[in-house]
Amino acid sequence: MDHFLYRDGVLHAEDVPLTEIARSVGTPFYCYSTATLTRHFKLFHEALEGTDHLVCFAVKANGNVAILRTLAALGAGMDVVSAGEYARAKAAGVPGERIVFSGVGKTPQEMRAALEGGIRQFNVESEPELEVLSAVAAELGTTAPIALRINPDVDAGTHDKISTGRKEDKFGIPVGHARRVYARAAALPGIEVVGVDVHIGSQLTDLQPFEAAFGKVAELTEALREDGHDIRRLDLGGGLGIPYTRSNAPPPLPLDYGAMIRRTLGHLGCEIEIEPGRLIVGNAGVLVSSVIYEKAGEGRDFLILDAAMNDLLRPAMYGAHHDIVPVKEPLPGGPTAQKDIVGPVCESGDTFAKAREMPPVAAGDLLAFRSAGAYGASMSSEYNGRPLVPEVLVNGDQFAVIRARPSFDEMISRDNVPEWLED
Ligand SMILES: *Cc1c(COP(=O)(O)O)cnc(C)c1O
């Protein structure tokens with residue numbers, strides 16, 4: 001459920017008509033709903049009620065500081081995958097003890113920044129990384145709390161580009177090597193083993209792969225305890241999928257996910273960490289765009305929008321589906337026609353939808369891409385010299401620009417012309 005509904009014939013974000021925001025900031029823009037963010041965060045929180053837990057929002061899904069601050073105020077921790085995301089979490093007021101550092105290629109500089117600023121735990125993905133972290137922590141005279149990210153060799157059954165838990169994926173330490181690497185970790189200076197970590201992929205629409213992975217985590221935890229490690233925390237990653245379209249079967253609910261976690265891992269008495277990104281922010285955001293042209297082709301008609309693949313990469317990158325709806329409510333049961341919906345970028349991949357049934361839409365009309373809050377703005381770029389689109393946060397009947405559209409001067413002034421090219 002989200003808070004983007006038609007009211008008086010106009011799509012609203014909570015109590016604000018999207019037409020009003022479009023008038024104020026221009027198109028395209030991202031718009032997020034505080035009520036939806038809050039609702040989704042609380043669903044996870046409630047799903048794990050009664051179990052010691054921390055919900056760490058995966059910052060890579062949406063790193064805007066206002067979004068992070070909204071979630072932090074609800075008690076969220078953060079899962080970061082770079083020093084830049086760590087800095088964003090800190091800027092949002094999240095204390096180090098609620099920040100988990102994930103990612104397959106942390107540099108010594110990134111480790112140092114997190115150790116100096118405070119960190120809950122590093123999720124370590126390889127032996128070489130473990131050795132470097134040990135050296136960095138020892139040099140700073142401190143101790144790095146760690147979990148090893150285990151690759152359980154489970155097929156998440158999701159898109160190839162976002163599956164991370166098969167043995168051929170680049171992530172984690174093969175579960176068969178885990179006991180040996182834990183023994184090494186325990187022997188290293190500057191390292192404190194606190195837990196086990198797993199993250200098998202994103203946009204999972206079935207609990208079964210999670211259950212298979214968590215079963216392996218449970219077995220491993222017992223073996224590691226026998227080996228003398230004090231495993232007290234289990235980080236189960238993110239990955240729960242969202243409904244991108246109403247025509248598919250709905251993905252599992254956080255409540256069922258929480259029940260499954262208890263069933264597979266509850267007996268271990270560990271603190272549970274989860275790292276959802278997409279489910280918290282995905283359906284809490286829309287991308288609003290204007291139709292620039294309608295163009296009749298041979299055998300197909302195009303709607304050319306002012307949004308493009310640089311603003312919302314998911315369709316080009318993953319062949320992902322987004323529902324695209326007019327901001328002005330179409331007549332129920334009115335006529336529709338098939339359109340290819342495309343952006344202005346000079347790539348054929350800049351296509352949001354092919355042969356999509358659409359109600360009548362004319363140049364100048366506003367369209368909203370649903371479910372665009374996760375991996376939308378955070379994956380955007382300025383390709384084709386297109387400014388990053390503004391982000392707007394709605395809260396009840398208020399809205400605020402939480403990232404402004406840069407001017408061309410701002411964009412250009414980031415480049416430097418070397419002395420030898422100056423006239
Ligand atoms: C991407 C990622 C997440 C978040 O995944 P979602 O599908 O957005 O929930 C969590 N943890 C790690 C380590 C990730 O890489």
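Details
- Near pairs, Cβ below 8 angstrom, 6+ apart or cross-chain, from region 218-241 (farther than 19 Å from T158 by Cβ) to any residue that is in a helix (DSSP H, G or I) and charged (D, E, K, R): L220/R179; A223/R179; L224/R179; D227/R179; I231/R225
- Matching residues in region 48-67 - criterion: being away from the ligand (no atom under 14 Å from the Cβ) and in a helix (DSSP H, G or I): V65, A66
- Any hit, region 93-104, residues being over 17 Å from the mean Cα position of the chain (by Cα), free of Cβ contacts under 8 Å to residues at least 24 places away in the same chain and either over 25 Å from H53 (Cβ atoms) or not assigned by TED's automatic domain parsing to the domain that holds I191 (or both): yes
- Within the set F122, F171, the sole residue that is among the aromatic types (F, W, Y) and closer than 26 Å to T205 by Cα turns out to be F171.
- Looking only at residues of region 175-212 that are assigned to a strand (DSSP E or B) and more than 13 Å from the ligand (Cβ to nearest atom), we find that the one that is surrounded by the fewest Cβ atoms within 10 Å (Cβ to Cβ) is E192.
- The residues listed here are A368, A400, A404, A377; of these, the one that is within 16 Å of the ligand (Cβ to nearest atom) and in contact (Cβ under 8 Å) with a residue 12 or more places away in the chain is A377.
- Listed by first and then second residue, the pairs linking a residue in region 141-153 that is open to solvent by less than 10 Å² (accessible area, probe 1.4 Å) and modelled with pLDDT of 95 or more to a residue that is outside any loop (DSSP other than H, G, I, E, B) and of a type in the set (S, T, Y), with Cβ atoms under 9 Å apart and 6 or more places separating them unless they lie on different chains, are A144/S134; L148/Y182.
- Among (1) in the same structural domain as G237 (by TED's automatic domain parsing); (2) among the hydroxyl-bearing types (S, T, Y); (3) in contact with a strand residue (DSSP E or B) (Cβ under 6 Å, 6 or more places away or on another chain) - the single one T51 does not satisfy: (1)
- Candidates A308, A296 - the one that is more than 16 Å from the ligand (Cβ to nearest atom) and open to solvent by less than 20 Å² (accessible area, probe 1.4 Å): A308
- Only residues that are of a type in the set (G, A, S), within 13 Å of A308 (Cβ to Cβ) and either surrounded by 13 or more Cβ atoms within 10 Å (Cβ to Cβ) or not assigned by TED's automatic domain parsing to the domain that holds L313 (or both) were counted across region 358-382, and they come to 2.
- Within region 149-174, the residues that satisfy the criterion of being closer than 23 Å to F101 by Cβ, within 14 Å of the ligand (Cβ to nearest atom) and of a type outside the set (K, R) are I150, N151, P152, A156, I162, S163, T164, G165, D169, F171, G172, I173.
- Selected residue (only one of E14, E85 is in contact with a Ser or Thr (Cβ under 6 Å, 6 or more places away or on another chain) and not β-branched (V, I, T)): E14
- For region 280-292, the criterion of being within 30 Å of A337 (Cβ to Cβ), open to solvent by 50 Å² or more (accessible area, probe 1.4 Å) and not polar (S, T, N, Q) is satisfied by at least one residue.
Table: residues versus (1) in a strand (DSSP E or B); (2) open to solvent by 20 Å² or more (accessible area, probe 1.4 Å).
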{"position": "P315", "(1), (2)": "no, no"}
{"position": "R356", "(1), (2)": "yes, yes"}
{"position": "N384", "(1), (2)": "no, yes"}
{"position": "E410", "(1), (2)": "no, yes"}
{"position": "D415", "(1), (2)": "no, yes"}
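- Residue count for region 71-117, restricted to those that are open to solvent by 20 Å² or more (accessible area, probe 1.4 Å) and away from the ligand (no atom under 14 Å from the Cβ): 22.
- Among the candidates G215, G266, residue that is open to solvent by 20 Å² or more (accessible area, probe 1.4 Å), away from the ligand (no atom under 15 Å from the Cβ), under 17 Å from D155 (Cα atoms) and touching a residue at least 24 places away in the same chain (Cβ under 8 Å): G215
The values are calculated or read from the model by the stated rules, or taken from the named source; none is laboratory data. Just so it is clear, the model here is predicted, and its values are computed rather than measured. So basically every Cβ, Gly included, is an ideal-geometry build from the backbone, and we count neighbours across all protein chains shown. Note: areas computed on protein heavy atoms with side chains; ligands, DNA, RNA excluded. Shrake-Rupley method; radii C 1.70, N 1.55, O 1.52, S 1.80 Å.
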